[in-house]
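Enquirer: One structure, as structure tokens, below. Some questions next.
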Amino acid sequence: MRTDLHVTLPAIIGHVLKEIRSEKKISQKYVADKLEISVSGLSKIENGVTALSVEQLFLFSNIYEISTLEIISKIETLVAKLNQSEIAVINSKLNSTKGISKDNLKSNWWLAFIEQ
């Protein structure tokens, strides 16, 4: 595995949640209202800036009418694809993010590696 390419787990989770929301054609405003957070707060979750709590995972599951196991399965599939592409999946709270550009942590550059 290459040590120079990293993506955080919150970025992966956020991408999966955003993808599900888009597939179901649900607005950010609707989801934010249901979660009782701001649209900005939801955007931070979807962009991997803010980590998701277990409680929020269950709320997303209810809002999207999809089981938590389906959401987790989608996350696991994405992690496996990244690992095959030799991109390290890291916990954003660990020291392993030191020296990595904040722009790289926030962007979805890594999607190009799994969409090939």
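Enquirer: Taking θ = phi - 60°, what integer Hz values does the Karplus form 6.51 cos²θ - 1.76 cosθ + 1.60 yield along the stretch 79-85, in sequence order, with x for Gly and Pro?
Expert: 4, 4, 4, 5, 4, 5, 8
Enquirer: For a quick check: with amide H placed at 1.01 Å from N, whose amide H comes under 5 Å from residue 48's, ignoring anything fewer than 5 positions away on the same chain?
Expert: 14
Enquirer: Continuing with the same structure: Subtract the Cα-Cα distance of residue 28 and residue 70 from 0.36 nm times their separation in residues, and report this length gain in nm to one decimal. Let's see the in-between values first.
Expert: Values: separation 42, 0.36 × 42 = 15.12 nm, distance 2.05 nm.
13.1 nm is the gain from fully extending residue 28 to residue 70.
Enquirer: If you don't mind, there's one more thing I want to ask. Which one of 69, 87, 30 has its Cα pushed farthest toward the positive end of the charge dipole of the stretch 14-97, where Lys and Arg give +1 and Asp and Glu give -1 at the Cβ?
Expert: Among 69, 87, 30, the one farthest towards the positive end of the dipole of the stretch 14-97 is 30.
Every read-out reported here was derived from the displayed coordinates using simple, explicitly stated rules and does not represent laboratory data. Owing to the predicted nature of the structure, the values given are computational and were not obtained by experimental measurement. Using ideal geometry, Cβ is built from the backbone for each residue, glycine included, and neighbour counts are taken over all protein chains shown.
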